[in-house]
Amino acid sequence: MIVRYIPADPAGNLTAIVLSPVAPQARAAVAARMMARCPEGFEQVGFAEEDSLTGEFPRLCMMGGEFCGNALRCAGFYHALRTGAQGKTCVFAEISGAEGVQPVMADTAAGEASTVMPL
């Protein structure tokens, strides 16, 4: 299986955003293989919901359906870059383990992103 992904690191915690469709039941195995084999040294893997990275806001699902603040920041930062944001901006993204869209404050000039941790 060939997996297309984007390495993202807006906060010092390297995340892979998988762009290829991966069935939910295969995500844990794919994530484990990527973390073990990829030279980038990923700490977590998020799976983009089909077509979400080109839509209004990105949607990521972690391998176990859990919340991951770093993956949320990565998705938001990528979305800010993709939409041409310059400098500081606020975008929105969805992530497993949290309801609805979440704000991501991205600074494309500094290469940083932050978010609010939902309860």
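The values are calculated or read from the model by the stated rules, or taken from the named source; none is laboratory data. Note that this is a predicted model, so its numbers are computed, not measured. Every residue, glycine among them, receives a Cβ derived from its backbone with ideal geometry; neighbour counts consider all protein chains shown. Accessible surface areas use protein heavy atoms only, side chains included; no ligands, DNA or RNA. Shrake-Rupley method; radii C 1.70, N 1.55, O 1.52, S 1.80 Å.
Its convex hull of Cα atoms gives segment 20-84 a direction-averaged projected area, equal to a quarter of the hull surface, of 4.6 nm².
In degrees, nearest 10, range 0 to 90: what is the angle between the Cα axis of helix 69-82 and the longest Cα principal axis of the chain? Helix 69-82 and the main axis of the chain meet at about 60 degrees. Once the Cα atoms are used to define both axes, helix 27-37 deviates from the longest principal axis of the chain by about 90 degrees.
Placing pseudo-labels 7 Å out from each Cα toward the beta carbon at M117 and V101 gives an inter-label distance of 2.4 nm. Taken one residue at a time, the phi angles of segment 103-112 give Karplus couplings (6.51, -1.76, 1.60, θ = phi - 60°) of x, 10, 8, 10, 10, 5, 5, 8, x, 10 Hz. Gly and Pro are set to x.
Working note: 222 nm ellipticity from helices only, DSSP H runs with n ≥ 4, each -39,500 (n - 2.57), summed and divided by the residues of the chain, gives -6500 deg cm²/dmol to the nearest 500. In this simple spin-label model, placing a label point 7 Å from the Cα along the Cα-to-Cβ direction at both M1 and F67 gives a separation of 2.7 nm.
With a cut-off of 15 Å between beta carbons, the residues surrounding P39 carry a summed charge of -1, where Lys and Arg count +1 and Asp and Glu -1. Taking a quarter of the surface of the Cα convex hull of the chain gives a mean projected area of 6.9 nm². Close amide-amide hydrogen proximity is noted between E94 and R59, L60, Q102, each under 5 Å apart and 5 or more residues distant or on a separate chain (H modeled in the peptide plane; Pro and chain starts excluded). When the Cα positions of N70, Q44, G100 are compared along the charge dipole of the chain, Q44 comes out farthest toward the positive end, with charges on each C-beta of Lys, Arg, Asp and Glu.
Per residue, the solvent-accessible area of the chain (1.4 Å probe, heavy atoms of protein chains only, all protein chains present) comes to 53 Å². The stretch between Q25 and L81 holds 17.1 nm of extra length on full extension. This uses 0.36 nm per residue minus the Cα-Cα distance.
Taking label points 7 Å from Cα along the Cα-to-Cβ direction, E40 and E56 give a separation of 2.8 nm.
Say a paramagnetic label sat at a point 7 Å from the Cα of A109, along Cα to Cβ; which residues of segment 53-83 have their backbone N under 20 Å from it? Under cut-off, by backbone N: 77-83.
Of all DSSP bridge pairs formed entirely within the chain, close to 75 percent run antiparallel.
How high is the relative contact order of the chain, given as a whole-number percent (alpha carbon pairs under 8 Å, six or more residues apart)?
Averaging sequence separation for qualifying contacts and normalising by length gives 21 percent for the chain.
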